[in-house]
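What follows draws every value from the coordinates through simple rules; no lab data is involved. Since the structure is predicted, the reported quantities are computational estimates derived from the model, not experimental observations. All Cβ positions, even for glycine, are placed from backbone atoms using ideal geometry, and neighbour counts span all protein chains on display.
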Amino acid sequence: MKENQLIEVHRALEIILQQTANFGSEEVSLEESLGRVLRQDIRADRDMPPFDRVSMDGIAISSQKFQEGRKEFKIEGVQAAGSPRLSLESEDCCIEAMTGAVLPSYTDAVIPYELVKIEGGVARILSHEVRLMQNVHGQGLDRKKNDLLIESGRIISPAEIGIMATVGAHRIKVGRLPRVAVVSTGDELVPVEGHPLPYQIRMSNVYSLKGLLNPYGIRPDLHHLADDPDELKQKVGVLIDQYDVIIFSGAVSKGKFDYLPGILDDLEVSKLFHRVQQRPGKPFWFGTREQVTVFAFPGNPVSTYVSCMKYFLPWLRQGLGLVPVEEKHAVLDEDFEFKPALTYFLQVRLVNRKGTLYAIPEAGNGSGDLANLTLNDAFLELPADRAHFKKGEVFPYLRFRFII
């Protein structure tokens, strides 16, 4: 590929996904496992339930006695949840049994209090029918000891957490999350809590990137580097030795202070491409060195944002063992024109009309217009081989706003 030749969007994504890293596995506490990818099989450590469990408050009886015509049963005692199993001394009697308790010995049915009248220590059954194992959750009915409950590779949801807690899995083997550095560059940036001079702005891209990574459980370290080539080279070299992934924002275009591509080359990071046939985000640089993967996005905030969604998140999901996000489409709600031969990520509002999703363009004022993102829900991906896009046409979108 020639130095200044643009790589197509689909080819850029293809190259990135060919560089998927395996981050290995690690052990975390049960409480920390939500959303992670399970890297072990979870099996039942005993029958589920582990005993014949009472499923409604009431009286436990021998159903045979009821079938023989007995309707009144003297109460011998109370079987509480969490207490040792009681035994029925006489099948002409009953034991009050609470929900969650073990079924008393020599009983095989529970009649709920709603169908019982108790007077003077005697329970009279008002129902005309009693079935064997009525209101009893039988031992091993759900799963048997050593049954496979959760297969390795599953994303851990609250349901899986409940099962793991049930079997005593308090330490869980999961896919290790990569160590990620998010790096902003530029002397024009000051900290969020700082007071910018008239020619400066507060840094925002690193926080947007951090927010995009948060749903995956990744808490990246944030760094800022000044526009000094010697300092950049020294500090980037340190970052390469410390992290699995480095995401840069800025210093990758053609400006006099865009030192990063040259520095990465000096540090022997292999460039796989630089400059993509898209807007925003054309100067995007991508490369690797051994086990380190480098995403260097343009510094304009919308460029950074859409590039992270389009390229980094699919790469991350693949490395974590997550299935790709299904491509979704929306109907363009009005005519739109974009003449450059570039894939255009058009900012749109999404509206559902009778089950059909429509995309209303809110293009904004370019890749530096971060405020415009707050008016929109997604990027509609318009192909590079056209300039005119008609109302009613369908295109894929990347959604960044979700209804909670």
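Among V28, V269, rank each residue by its count of other Cβ atoms within 10 Å, from fewest to most, as a rough exposure measure.
If I rank by nearby Cβ atoms, fewest first, I get V28, V269.
Suppose we keep just the DSSP beta bridges with both residues in the chain; what percent of those would be antiparallel, to 5?
On the way: 56 of 84 bridges.
Looking only at bridges with both residues in the chain, the antiparallel portion is about 65 percent.
Under a straight-distance cross-link criterion of Cα-Cα below 16 Å, which aspartates and glutamates are reachable from K144, leaving out those fewer than 8 residues away in the same chain?
Output for K144: D41, D45, D47, D52.
For segment 53-137, what does the convex hull of the Cα positions come to per residue, in cubic angstrom? Write out the running numbers ahead of the final one.
On the way: hull volume 6.1 nm³, N = 85.
Given the Cα convex hull of segment 53-137, per-residue volume reads 72 Å³.
About its Cα centre, how strong a charge dipole does the chain have in debye, to the nearest 20, once Lys and Arg get +1 and Asp and Glu get -1 at the Cβ? Mind dumping the intermediate values first?
Numbers: 47 positive and 54 negative charges, 141 e Å.
Using only the charged Cβ atoms, the result is roughly 680 debye.
Kindly identify segment 252-326 as rounded, prolate or oblate by the Cα gyration tensor criterion: order the square roots of the eigenvalues as a ≥ b ≥ c, call it rounded if a/c is under 1.5, otherwise compare a/b with b/c, prolate if a/b is larger, else oblate.
oblate
How charged is the neighbourhood of L346? Take every other residue with its Cβ under 9 Å from the Cβ of L346, and add Lys/Arg as +1 and Asp/Glu as -1. Each step should come with its number before you reach the end.
Details: positive: none; negative: E362, E381.
Combined, the nearby Lys, Arg, Asp and Glu give -2.
Starting from the alpha-carbon convex hull of segment 328-399, give the projected area averaged over all orientations, in nm².
Its Cα hull, projected and averaged over all orientations, spans 4.5 nm².
Report which label in [x] 1.47; [y] 0.98; [z] 0.92 holds the value of Cα Rg over 2.2 N^0.38 Å derived from the coordinates of this structure.
Matching entry in [x] 1.47; [y] 0.98; [z] 0.92: [x].
Please state the shape class of segment 1-145: rounded when a/c is under 1.5, otherwise prolate if a/b exceeds b/c and oblate if not, all from the C-alpha gyration tensor.
prolate
Enumerate the calculated ³J(HN,Hα) couplings along segment 94-104 in order (Karplus 6.51 cos²θ - 1.76 cosθ + 1.60, θ = phi - 60°), each rounded to whole Hz, writing x wherever the residue is Gly or Pro.
9, 10, 5, 10, 9, 4, x, 7, 6, 5, x
Out of every Cα-Cα pair in segment 245-385, what percent are more than 28 Å apart?
When every Cα pair of segment 245-385 is considered, 25 percent fall beyond 28 Å.
Helix 229-242 against the longest principal axis of the chain: what's the angle in degrees, Cα atoms only, rounded to the nearest 10?
Compared with the principal axis, the helix lies near 20 degrees.
Have a look at G319, V28, P158 and report the one farthest towards the positive end of the charge dipole of the chain, computed about the Cα centre with Cβ charges (Lys/Arg +1, Asp/Glu -1).
Most positive-ward Cα: G319.
Which lysines, if any, have their Cα less than 24 Å from the Cα of K282, not counting same-chain residues under 8 positions apart?
K2, K210, K233, K254, K256, K271, K310, K328, K339
Could you give the distance between the Cα centres of segment 157-214 and segment 215-253, to the whole Å?
Going from one Cα centre to the other spans 14 Å.
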